[in-house]
Amino acid sequence: MTSVQKLSRITLICRQAERLAEFYTRAFGFACIEDTLKIDPGFAELIGLAKGQVRTTSLRLGNQVIALAEPQPAGCSYPGDVPGWDPLFQHFAIVVSDMTAAYANLQALHNWTPISTDGPQILPSSSGGVTAFKFRDPEGHPLEMLAFAPGATPAHWAIRSGISVADTSRSVAFYSRLGLARTASSLNVGREQEKLDNLLGAVVEVTALVPPMQAVPHVELLCYRGNFDRRELLTNRNDVAATQLVFEVERDALDGIVALS
């Protein structure tokens, strides 16, 4: 069994990494770890582009990292209007200290699109009591801004990953085999949740999974209850929707695996 130590980074597949990096730095204060895009042949091979190439750049917010990967040849653009209950909907949340200021800064930028209706929503205490707003970046990746009540922000939080799933039990079993532990759960309902997701009657089972060595960033499973058609639209690994979670594992778990360089 592979033993995951921590969620190392989230990789977004994109068509214009440099332009998208500018959006993340201006919207949220991410800092570029590398000054320029670099060619990553190992990542190209990993996603099945043996005859192609991938240009990557990494951005840091606090102690947490996202990577922007621009493959050539490019895959499909992000499908429009993918709903939150769809397993294709994988997003990450960015923690902000002041939602009013963060939302105003976002509104001053162009080319992003809202998911939530009526702006940021204050969720009830049963749903975490946070203020949240969902939207799409200029290439269509779903994102969320989160603000905790004063004094309630968990230490070291900057981002967390959210994955929509069809079956919580099956997904928990999968991630448990990787070494992640289930630490919390909630059932999010109400008018605020409906506005956050732009989904009438939204009922969301939220499950937090934490790697053993580092509690943040962690993974949250979002299972929307209802009679939805969850037949997955398969993506190619160079499609913009093919967001990836990159886990750090124990060195012993890599025995027999050939490293890509």
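The values are calculated or read from the model by the stated rules, or taken from the named source; none is laboratory data. Note that the structure is a prediction, hence the values are computed from the model and not measured. Because the Cβ atoms are built from the backbone with ideal geometry, glycine has one as well, and the counts that use them run over all protein chains shown. Quick note on the areas: whole protein, heavy atoms, side chains included, nothing else; ligands and nucleic acids left out. Shrake-Rupley method; radii C 1.70, N 1.55, O 1.52, S 1.80 Å.
Annotation: of all residues in segment 49-68 being open to solvent by 50 Å² or more (accessible area, probe 1.4 Å) and part of a loop (DSSP other than H, G, I, E, B), the one that is nearest to Val216 (Cα to Cα) is Asn63. Meeting the requirement of 1 or more residues that are farther than 21 Å from Thr243 by Cα, open to solvent by less than 60 Å² (accessible area, probe 1.4 Å) and hydroxyl-bearing (Ser, Thr, Tyr), the strands (runs of 3 or more DSSP E) wholly within segment 118-195 are 131-136, 181-188.
Evaluated against (1) out of contact with any Cys (no Cβ under 6 Å at 6 or more places or on another chain); (2) open to solvent by less than 50 Å² (accessible area, probe 1.4 Å); (3) in contact (Cβ under 8 Å) with a residue 24 or more places away in the chain; (4) of a type outside the set (Ser, Thr, Tyr), Arg19 falls short on exactly one condition, (2).
Within segment 5-44, the set of residues being in a strand (DSSP E or B) and not basic (Lys, Arg) comprises Gln5, Leu7, Ser8, Ile10, Thr11, Leu12, Ile13, Ala31, Cys32, Ile39. The set of residues from segment 22-53 being in contact with a helix residue (DSSP H, G or I) (Cβ under 9 Å, 6 or more places away or on another chain) and touching a residue at least 40 places away in the same chain (Cβ under 8 Å) comprises Arg26, Ala27, Phe28, Leu49, Gly52. Only residues that are at negative phi and free of Cβ contacts under 8 Å to residues at least 24 places away in the same chain were counted in segment 67-109, giving 6.
Table: residues versus (1) under 18 Å from the mean Cα position of the chain (by Cα); (2) under 15 Å from Pro87 (Cβ atoms); (3) buried (at least 17 other Cβ atoms within 10 Å of the Cβ).
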site: Asn198; (1), (2), (3): no, no, no
site: Val203; (1), (2), (3): no, no, no
site: Ala208; (1), (2), (3): yes, no, yes
site: Pro217; (1), (2), (3): yes, no, yes
site: Arg230; (1), (2), (3): no, yes, no
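Within segment 69-109, the set of residues being assigned to a loop (DSSP other than H, G, I, E, B), surrounded by 14 or more Cβ atoms within 10 Å (Cβ to Cβ) and aliphatic (A, V, I, L, M) comprises Ala74, Val82, Leu88, Val96.
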